[in-house]
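Participant: Sending over a structure as structure tokens; questions will come in a sec.
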Amino acid sequence: MKESTEEKRNRLLERAASIIDEYLEWEAEHPRPDLMQIEEVALKLRKELGQEIAQVAIENQASRTPVPGPKCARCGKEMRYKGKKQTQVESRAGSLKVERGYYYCPECKESIFPPGQAVTVTRQELE
């Protein structure tokens, strides 16, 4: 379900507050940090907030709904929708959970997950 703008704002503000609290705890534990320590904590916390923003964007994008019957890149026949599957994706913003429609061609055993990226899947993985 797509979140409203207000729900996204609240979710992001809650995460930002948590990250600020994490920084303030770190600051209390490090009364005289050097520049490298400051950079390390700043980059770590920036990455955490960036990951949350990217996760919110991915979860709320309209393209998450399944695409009906894409054509198989190998044989050209219509692929079958096998439901949604979740995967962990490493992006420039960090590790993200992505759920997309999964399609399978029974003719040549090709699959697409997420749509637009072909991957090889063994028969055991489909069962």
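The values are calculated or read from the model by the stated rules, or taken from the named source; none is laboratory data. Just so it is clear, the model here is predicted, and its values are computed rather than measured. Cβ placement follows ideal geometry from the backbone for every residue including glycine, while neighbour counts extend to all protein chains displayed. To get the accessible areas, we keep the full protein, side chains included, count just its heavy atoms, and leave off ligands, DNA and RNA. Shrake-Rupley method; radii C 1.70, N 1.55, O 1.52, S 1.80 Å.
Participant: Quick query: amide H of ARG80 versus all other amide H atoms, modeled in the peptide plane; which residues come in under 5 Å with a sequence gap of 5 or more or a different chain?
Facilitator: TYR104, CYS105
Participant: Next question, about the same structure. Of ARG15, ARG92, ARG46, which has the most accessible area and how do the rest follow, probe 1.4 Å?
Facilitator: Numbers: ARG15 65, ARG92 245, ARG46 165 Å².
These residues rank, largest area first, as ARG92, ARG46, ARG15.
Participant: Accessible area of MET36, 1.4 Å probe, to the nearest 10 Å²?
Facilitator: Roll a 1.4 Å probe over it and MET36 shows about 130 Å².
Participant: In addition: FRET efficiency for ALA42 and LEU13, Cβ-Cβ distance as r, R0 = 22 Å, nearest 0.05?
Facilitator: Details: r = 20 Å, r/R0 = 0.89.
With a Förster radius of 22 Å, E is 0.65.
Participant: Hey, another quick one. Toward the positive end of the charge dipole of the stretch 19-114, about the Cα centre and with charges on Cβ (Lys, Arg +1; Asp, Glu -1), which of VAL98, SER111, CYS72 goes farthest?
Facilitator: Result: CYS72.
Participant: Would you tell me the accessible area of SER18, worked out with a 1.4 angstrom probe on the heavy atoms of the protein chains, in Å² to the nearest 10?
Facilitator: Spelled out: SER18, probe radius 1.4 Å, area about 50 Å².
Participant: State the extension gain, in nm to one decimal, for the chain segment bounded by LYS82 and TYR23, taking 0.36 nm per residue of separation less the distance between their alpha-carbons. Don't skip to the end; give the middle numbers.
Facilitator: Numbers: separation 59, 0.36 × 59 = 21.24 nm, distance 4.37 nm.
16.9 nm is the gain from fully extending LYS82 to TYR23.
Participant: Residue by residue, what Karplus-based ³J(HN,Hα) values in Hz, rounded to whole numbers, does the stretch 37-45 have, using 6.51, -1.76 and 1.60 with θ = phi - 60° and x for Gly and Pro?
Facilitator: Result, rounded to whole Hz: 5, 5, 4, 4, 5, 5, 5, 4, 6.
Participant: Something else about it: Counting other Cβ atoms within 10 Å of each Cβ, which GluC sites (Glu not before Pro) in the stretch 11-113 have at most 15 and sit in a DSSP loop? Show your work: numbers first, answer last.
Facilitator: On the way: sites: GLU14, GLU22, GLU25, GLU27, GLU29, GLU39, GLU40, GLU48, GLU52, GLU59, GLU78, GLU90, GLU99, GLU107, GLU110; in loops: GLU107.
Passing sites in the stretch 11-113 are GLU107.
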